[in-house]
Structure formats: C-alpha cells, structure tokens
Amino acid sequence: MLQKNIRTFLGENYFVHNFPICITRSVESFDTNMHFHDFLEICYVGEGKGIHISEGNIDKVSKGALFMVPLGVSHVFRPISTDTKEPLIIYNFIINIEAVRGFLRHYPGGNEVSKLFNLKEWKRYHDNNGEYYELFQRMHYEYSSNLPGREATLYNGLMQLLLFFYYRETRLYSESTKTVVHMQKALEFIHSNYREPIQVKDLASIVGVGERQFQRLFLTQTGMNFKDYLQGVRINEACRLLIQSDRKVVDIASAVGYNDLPFFNKLFKQKTGFSPREYRRFQ
C-alpha cells in the first residue's frame, strides 16, 4: 500500500477534557484505511474473525487476540467477509503515552512498566481464558457511563493491560521460571475448564512434571492443594450465578461441575457459611 494512502489518527480527537485514556468499540469494515496514530493502542478482538495488516504482515485474527500497537506503526483490521451476521468487533484502549508515563512515575514499579512505551514493533498475544474480554467490556462501559470512580477504574484497567504485556515481554524463561510459566498455564486451564472433570495428571503434564511434584509445586505457589483450589473456583462461579441469574440451584450446581446436589449444598455452605438459597436471599 502506498504511503500516501495511510492516514494518521490523532490523539487530540480521542482524549476528551485532557483525559489520557479513550476506549472504543468498533465494527471493522473494508472501508477502514491503513493508518498510523500518535498514541499507544491496545486492541482486543471481541467478536468475529478477520485479518490484521501491519508493516507488510498479514495475520488471521479471531476472538481473544490481543495486540499492542506503538505510535508510528501502520496497521488496520479487516473482516474476513462482508457477512454482517458475523462482524469483526474490535475494542481499542487508546493511551496518551506522555501523560500515562507521568502517572507511572508515581506508581510503585511504574518506571519499569513504562519501558513498554519504547517498543517499536506491534506485539500480539492471546487471551486464553477470556478474562481480558470481560475487562475490555467493563472498561468500555465505565468509559461511556462517566460514573463516580470512573478515572480510578480506568487507570486500574490500564495497569492490568500494561502488566499483561510487560510480563510477557520481560520475564526470562530460565529453567526455574519455565515451571512458573507452565504453572500459570495450568491455572488458566483450571479456570477455563472447571466445569469438566480435571485430573491431576492432566495438569502435571501441562507443567511438565510428575503428579507428586505437581502437587508440591501447586501448594507452594497457590497456598492450597489442587482440590481446594478447584472447589474455590467452582463455588466462586456458583456465587456469581446465584446473584446474576434466576437459575435453579440444581442447574447451577451442574453448571459448575457438580451433579451431586447434596454434596454441592454441603460444600457451598462449608465455603461460604450459607446454603445456596440463603446466599441468594441475603446478597
């Protein structure tokens, strides 16, 4: 593509009242121009499939793809087809680098994180368990609603995103840290598959150690054994469903991996101090 066809997007068109963060939700089309911008952009593919074009690279993208695009790097997202039933939805976290750099100077450890702003090439990772999809949705709502506490909430979301990229760009993969990284993958597996029967041997395989060693490492790094951790994840999700839905308790128990309702009720009370029905009533 010719340089003259590349547009420049300016932060002054996005940063309202000098607030250095803007969050948008865009339905991408074939009409969007290849562009530079004078701000840092973190992009998340929220729905659909498409391609990302940047600096001569063309990459397929789908839900969960997470990009950091430095200023001065040309790029564009395009849908995979013109089918409006499957739109390509992109969330954009737009950041005024100099203003946020000033914020990070006063944030504990912020000077290290601000080194991300020196990156010259775009970075791509994937959201394995969907937590950042929820983050982008929440931050987009907070940005648009302008409720009390909005600024603090948006800065908190910004730090979560910056730390996501910082960890992946700077942590060394020595033999000792490989185990830590693989343990994180095991935890992500638990959070993504807690509804299903999960065997210790499957997690030990992810970490690359034997079952006994996995149990020891898991206890050291989480402060609890695998069984208690899994139960905590399941009961936490059950709590959320009890509050945010009107589903029957038996359906919620099944949804979080328990087909034995009496056992679920007993475990729930052990973990929360309430029966499921009491928890729903008192919240």
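The values are calculated or read from the model by the stated rules, or taken from the named source; none is laboratory data. These numbers were taken from a predicted model, which means no experiment stands behind them. When we count neighbours, we look across all protein chains shown, and the Cβ atoms used for this are built from the backbone with ideal geometry, even at glycine. These area figures cover heavy atoms from the full protein model, side chains too; ligands, DNA and RNA do not enter into them. Shrake-Rupley method; radii C 1.70, N 1.55, O 1.52, S 1.80 Å.
Helix 226-244 and the longest principal axis of the Cα set of the chain meet at an angle near 70°. The residues neighbouring ASN13, those whose beta-carbon lies less than 15 Å from its own, together hold a net charge of -2 under the Lys/Arg +1, Asp/Glu -1 convention. Relative to the longest principal axis of the Cα atoms of the chain, the long axis of helix 150-170 makes an angle of roughly 90 degrees.
Compute the helix-to-body angle for 261-272: its Cα long axis versus the longest principal axis of the chain, expressed 0 to 90° and rounded to tens. Roughly 70 degrees between the two axes. Among the trypsin sites (Lys or Arg not before Pro) within region 123-219, those in coil by DSSP and having at most 11 neighbouring Cβ atoms inside 10 Å are ARG171. From largest to smallest, the equivalent ellipsoid semi-axes obtained for region 1-79 from the alpha-carbon gyration tensor read 20, 17, 11 Å.
If you place +1 on the Cβ of every Lys and Arg and -1 on the Cβ of every Asp and Glu, how big does the dipole about the Cα centre of the chain come out, in debye to the nearest 20? Could the numbers behind the result be given before it?
Values: 35 positive and 30 negative charges, 163 e Å.
With only Lys, Arg, Asp and Glu charged at Cβ, the dipole is about 780 debye.
Taking all Cα pairs closer than 8 Å and separated by 6 or more residues, the relative contact order of the chain comes to 13 percent. With the biggest extent put first, the Cα atoms of region 148-283 measure 49, 47, 21 Å across the principal axes. Along the axis of the charge dipole computed for the chain (Cβ charges of +1 for Lys and Arg, -1 for Asp and Glu, origin at the Cα centre), the listed residues CYS43, SER54, ASN5 are led at the positive end by CYS43.
Computed from the C-alpha gyration tensor, the three semi-axes of the ellipsoid equivalent to the chain are 38, 23, 20 Å, from longest to shortest. Residues in region 196-207 carry Karplus couplings, in order, of 9, x, 10, 9, 4, 4, 5, 6, 4, 5, 4, 6 Hz; the curve used is 6.51 cos²θ - 1.76 cosθ + 1.60 with θ = phi - 60°, and Gly or Pro positions show x.
When the accessible area of region 198-283 is computed with all protein chains present and a 1.4 Å probe, what percentage of it is carbon and sulfur?
Working: 2490 of 5260 Å².
Its accessible area is 47 percent carbon and sulfur atoms.
Calculate the tail of P(r) for region 65-147: the fraction of all Cα-Cα distances greater than 16 Å, expressed in %.
Working: 2312 of 3403 pairs.
The proportion of pairs with Cα distances above 16 Å equals 68 percent.
Note on HIS35 and LYS49: the model spin-label points, each 7 Å out from Cα along the C-beta direction, lie 2.7 nm apart. If you bin all the Cα-Cα distances of region 85-189 at 5 Å, starting from zero, the percentages per bin are 2, 9, 17, 20, 20, 16, 10, 4, 1, 0.
Compute the whole-percent fraction of alpha carbon pairs in region 105-145 spaced more than 17 Å apart. Cα-Cα pairs in region 105-145 separated by more than 17 Å: 60 percent.
If I compute solvent accessible area with a 1.4 Å probe over the protein chains, what percent of it on region 100-141 is carbon and sulfur?
On the way: 1220 of 2630 Å².
For region 100-141, the apolar C and S fraction of the accessible surface comes to 46 percent.
For the chain, the solvent-accessible area works out to 57 Å² per residue, with a probe of 1.4 Å and every protein chain left in place.
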